[in-house]
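Presented below is the structure to which this report refers.
Values in this text are rule-based calculations from the coordinates and carry no lab data. Keep in mind that this is a model prediction, so the values were computed, not measured. Ideal geometry is used to build each Cβ from the backbone, glycine not excepted, and the neighbour counts take in all protein chains shown.
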Amino acid sequence: MLRLVTLFCLLLAVPVLGVLGSWLALDAQALGILRHQLDTVLPQYAWASLALSVSVALGVAVVGGATAAAVSLFEFPGRRFFEWGLLLPMAMPAYVAAYAYTDFLQFSGPLQTALRELTGAQKALWPDVRSLPGAVALFILCLYPYVYLLTRTALSERGVALMEAARMLGAGTLRRVREVALPLARPALAAGIALALMETLADYGVGAYFGLTTLTTGVYKAWLVLNDRTAAAQLASVLLFAVAMLLWLERRAQARLRFATSRSGALHAAEARPLPLRGAAAAGAMLLCALPILLGFVLPVLVLARLMWQEAAYGEFGLPLARFVQWGLASLKLSALAAVLAVALALVLAYLARVGQGGSLLLRASGRVVSLGYAVPGAVIAIGILLPLGWLEQHLPQLGITALMTGTITGLLYAYLVRFSGVALQSLEAGYARITPTVDETARMLGASRLRMFLELHAPLLARSAWAAALLVFVDVMKELPATLVLRPFNSDTLAVVAYQLARDERLGEAALPSLAIVAVGLIPVIMLSRAMRRA
């Protein structure tokens, strides 16, 4: 059992190892390709990705940090709604928001049409949203909740109490925010920014739809357009290195965050109260919290609903509903299978760690790779799967592994497990952390076997954590685009792929229905998070 689990975890590490292993075969031809990329496209890809990342980092820090400080440290009308309402943009994938804003802001869209009617102008009155600044704005609106959630947690635990202590010492409001709240929130800000940047670098839908020359779009162009697997592997390696640096930063910030919030101060948060705001200050706080929700969730949903309503006038919402049902069922089937498999693997790994059988160096290392899979972009996973398969097809064609993994549900589920098993593992490890060791000790004293202890003690106590893990993986798979686009079986599309292909062909009205379906499913983890925050 232990060896089987270790082997399976090592298999999940193959895509990352496959990309890194491409550097071992750095012959003269590969060096020539690398020099050519350094002289031509790589600086452009790196610069676009860097500019995008820096701009998004600043944006999510300002929006997420400011909204978190507002709802954590101050009292104003609507605060209870904004506490969970600011999470709503998490349900909106950035590529879906890109489709909505393209229709809303383009020359023939409702905004510019209304402005031209009011002003009598004949030229475009709004810059093209399909640009790098447009992508930056979309990523900020969709990803700031990462910063908001972590920063709000950090400030809620100690921020109000320490702000009250500073007030009693005579510090003014601005000084309290500058010298107390900001230093306290710094680790949470860093962790949230790192998570947002990992999502930004992993994105393919927005970059491809807007025609951006980022590292992720470069990987797909090298593989699918130029048919150059060496160039694709080299670009994927650069992308993987950037994500690894962000992951290191996020883990370091999370460690500092746990340390910073582990000690209790002289005052408890339950005894302190947020500072009441009145008049213009209260109105400013309400506007600050309302704008991200309106621009990041409400407006895109309304635009997509309008497009769907317009298409409904032509019958079947612009799509054959039978085909839509087929795409929806395919998405549901893949998401459900991936969720079940990911939770099963996470249960085994978490249980082995609990009972002390996860102590082997190889299992710990492979389990660590599984837990970090969520940080690996879908583009890297796709290339990391196809590269070893190409090598096997060339040297060991009799195995038939390529036919099993390429363009099949098996290969797609494998990519999903690599990408999302870490989500399930983190949830179940958190569930095990709430089960005291005395439960296991009591079971051993009564002579219960490990299997009975798991089935009769651990499983009931982990039911909620397992259910939450399954839902998170389910939603993530429903929204996943890059790996699905490359590895999906022929003539078997998901809602995410269909929405992307229709939007790419400028059929935005037809893309509205699958896009709204993805958003509706994405609301599930938002509801879970909001309920958890209300119970906290």
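Taking H placed 1.01 Å from N in the peptide plane, check which residues at least 5 places from Leu275 or on another chain put their amide H under 5 Å from its amide H.
When sequence neighbours closer than 5 places are left aside, the close amide H contacts are Phe74, Glu75.
Quick check: net charge around Val477, other residues with Cβ under 13 Å of its Cβ, Lys/Arg +1 and Asp/Glu -1? All intermediate terms of the calculation are to be shown ahead of the outcome.
On the way: positive: Lys333, Arg419, Lys479, Arg488; negative: Asp476, Glu480.
For residues surrounding Val477, the net value is +2.
Can you match Cα extents along the principal axes in Å to one of these, [x] 74, 49, 41; [y] 70, 50, 48; [z] 82, 77, 50, based on a calculation from the structure here?
Computed from the coordinates, Cα extents along the principal axes in Å corresponds to [z].
Any lysines with Cα under 16 Å of the Lys333 Cα? List them, leaving off those in the same chain fewer than 8 positions away.
Hits, sequence-local ones excluded: Lys479.
So if I place +1 on the C-beta of Lys and Arg and -1 on the C-beta of Asp and Glu, and nothing else carries charge, what would the dipole magnitude of the chain be about its Cα centre? I want it in debye, nearest 20.
Numbers: 42 positive and 28 negative charges, 329 e Å.
Dipole about the Cα centre, nearest 20: 1580 debye.
For the residues Ser331, Ser131, what sequence is obtained by ranking on other C-beta atoms within 10 Å, fewest first? Each step should come with its number before you reach the end.
Numbers: Ser331 26, Ser131 13.
So the ranking, lowest neighbour count to highest, is Ser131, Ser331.
Excluding Ala196 itself, what net charge comes from residues whose Cβ is under 12 Å from its Cβ, given Lys and Arg +1 and Asp and Glu -1?
Values: positive: none; negative: Glu199, Asp203, Glu250.
So the surrounding residues net to -3.
If you consider only alpha-carbon coordinates, what radius of gyration and Dmax does segment 30-87 have, in Å?
Just the Cα atoms of segment 30-87 yield Rg and Dmax of 20.6, 63 Å.
Please report Tyr144, Tyr45 as a ranked list, fewest other C-beta atoms within 10 angstrom at the top and most at the bottom. Could you put the intermediate results ahead of the total?
Details: Tyr144 29, Tyr45 24.
Sorted ascending by nearby Cβ count, the order is Tyr45, Tyr144.
Please arrange Phe107, Phe8, Phe420, Phe74 by counting, for each residue, the other beta carbons lying within 10 Å of its beta carbon, fewest first. Intermediate values should be presented prior to the final figure.
Values: Phe107 12, Phe8 16, Phe420 26, Phe74 19.
Arranged by neighbour count, lowest to highest, Phe107, Phe8, Phe420, Phe74 become Phe107, Phe8, Phe74, Phe420.
Give me the base-10 log of I(q)/I(0) for segment 183-231 at each q in 0.16, 0.18, 0.32 Å⁻¹, Debye formula, one uniform scatterer per Cα, rounded to two decimals.
For segment 183-231 at q = 0.16, 0.18, 0.32 Å⁻¹, log10 I(q)/I(0) is -0.56, -0.63, -1.08.
Excluding Ala338 itself, what net charge comes from residues whose Cβ is under 15 Å from its Cβ, given Lys and Arg +1 and Asp and Glu -1? The partial results should precede the final answer.
Values: positive: Lys333, Arg419, Lys479, Arg488; negative: Asp476, Glu480.
Taking every other residue near Ala338 into account, the sum is +2.
Using only the alpha carbon atoms of segment 423-468, find the Kirkwood hydrodynamic radius as the inverse mean reciprocal pair distance, in angstroms to one decimal.
Values: mean 1/r = 0.0912 Å⁻¹.
It works out to 11.0 Å.
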